[in-house]
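Each reported figure results from applying straightforward, stated rules to the coordinates on display, with no laboratory input. These figures come from a predicted structure and were not determined experimentally. Here the Cβ positions follow ideal geometry from the backbone for every residue, glycine too, while neighbour counts run over all protein chains shown.
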Amino acid sequence: MREMFALSTSWNASRHSRAKDIIDEIKSLGFGQVELNFNLTSKMVEDMVSLKEEGAIEIVSVHNFCPIPEGASRQNASPDMFSLSALDEAERKKAIDYTKRTIDTAVRAGAKAVVLHGGKVKVQERIKELILFQENRQKYNELRQQMLKERQGKSKDFFNQTLRSLEELCRYAQRQEVKLGIENRYYFSEIPDFKEMEIILATFSGGPLYYWHDVGHAQVYEYLGFIKHKEILDKFADGMVGIHLHDVEGIDDHRAPLKGKFDFSLLKPYLKKETLKVLEPHYPATKKEVLEGKRYLEELFEKVGSEK
């Protein structure tokens, strides 16, 4: 029987310097599958590939950039170090080159998909300010409209760069037979928003590019009043290759399941047997919390992700 859930190494990678220690701790919770996150060195990645080849673990997905870009530290590593939407062509080229390197990692690891961030629009990030005005609907609506107007006015050039980058990456991924999952984002400035996701998926329909759903990000957007979580799923779930599962309260996400307020039953109609299901809690989620969350989701989705 195929396992239902993988665990992202984002949960514990920062606490270890050896790949074996990361994997051993994850396996101690009953996980046989992982997603490689974006703060792993080349040595750690190679060691994890070796563990996979030995049959110790299965790697189902890889989060861009993996391994970390040359010259970067694990502490400063980020999937947004270089942006696919950068107007500076040198930066955009680095983003493309390191994403191709991540695709190569996925090939060596036998992973089915690479998780991508689409870049960002250079606008002021005002989420915290928006939250302060939630009890004052007039000020809230005024600020929300200002944010929407500013982003719309500045997004065209950045979004066009994202499309150019994705075109090149799709050609590369197609040759490597790896799926790309473009992830819905957390910050308002980030690409893609809902309409941009529609355009991206339509533009590259029939290719290796798919939708990757992040539960916490979508719920934050609902909390902020931008769009309902269900609307996102209704629109994009048919093209969903994978999902990041974590709990959220307000704008505080990446909690272990059962440690926030999200109703995971919302997801049941949208998940398919083949959907990559990756738990993505971050520190300080404890072993106990991760294990309890895993058991809860296994029971909730018992007829969704198993194969007979």
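Each label was represented as a point 7 Å from its Cα along the Cα-to-Cβ direction; for Arg74 and Arg15 these points are 1.3 nm apart. Determine the relative contact order of region 48-105: mean sequence separation of Cα pairs under 8 Å and six or more apart, normalised by residue count, in whole percent. Relative contact order comes out at 37 percent.
Determine the percent antiparallel among the DSSP beta bridges restricted to region 210-283, to the nearest 5.
Numbers: 2 of 10 bridges.
Among the beta bridges of region 210-283, antiparallel pairing accounts for roughly 20 percent.
The trypsin sites (Lys or Arg not before Pro) of region 139-229 that meet both conditions, a loop assignment by DSSP and at most 16 other Cβ atoms within 10 Å of the site Cβ, are Lys228. Applying 1/(1 + (r/R0)^6) with R0 = 25 Å to the Cβ-Cβ distance of Asn136 and Glu222 gives a FRET efficiency near 0.80. The calculated FRET efficiency for Phe194 paired with Glu54, based on their beta-carbon distance and R0 = 35 Å, is about 0.25. Annotation for Arg108 and Lys273: the two label points, set 7 Å from Cα along the Cα-Cβ direction, are 3.3 nm apart.
As a proxy for reagent exposure, ranking His217, His244 by other Cβ atoms within 10 Å from fewest up yields His217, His244.
Its relative contact order, with pairs defined as Cα atoms under 8 Å and 6+ residues apart, puts region 208-261 at 39 percent.
The listed peptides 70-83, 276-289, ordered by packing as a protection proxy, come out as 276-289, 70-83 (highest mean of other Cβ atoms within 10 Å first). Label-to-label distance for Leu29 and Ser205 is 3.8 nm, based on points extended 7 Å past Cα in the beta-carbon direction.
Given the chain, what percent of its DSSP beta bridges are antiparallel, to the nearest 5?
Numbers: 3 of 30 bridges.
Beta bridges within the chain, antiparallel portion: roughly 10 percent.
The simple Förster model, with R0 at 51 Å and r as the Cβ-Cβ distance, assigns Lys287 and Asn160 a FRET efficiency of 0.70. Each of (1) 18.7, 60; (2) 23.0, 71; (3) 21.8, 63 is a candidate for Rg and Dmax of the Cα atoms in Å; the one calculated from this structure is (1). Restricting the calculation to alpha carbons of region 202-301 gives Rg and Dmax of 13.7, 43 angstrom. Farthest toward the positive end of the dipole of region 132-191, out of Asn184, Phe159, Tyr140, is the Cα of Tyr140, where the dipole comes from beta carbon charges about the Cα centre.
Quick one: compute the contact order of the chain, relative version, from alpha carbon pairs under 8 angstrom and 6+ residues apart, as a percent.
Working: 549 pairs, mean separation 54.5, N = 308.
This gives 18 percent for the chain.
Please identify the GluC sites (Glu not before Pro) of region 181-250 that satisfy two criteria: DSSP loop assignment and at most 11 other Cβ atoms within 10 Å. Which are they?
Values: sites: Glu183, Glu190, Glu196, Glu198, Glu222, Glu231, Glu249; in loops: none.
Counting only loop positions with at most 11 other Cβ atoms within 10 Å, none of the GluC sites (Glu not before Pro) in region 181-250 qualifies.
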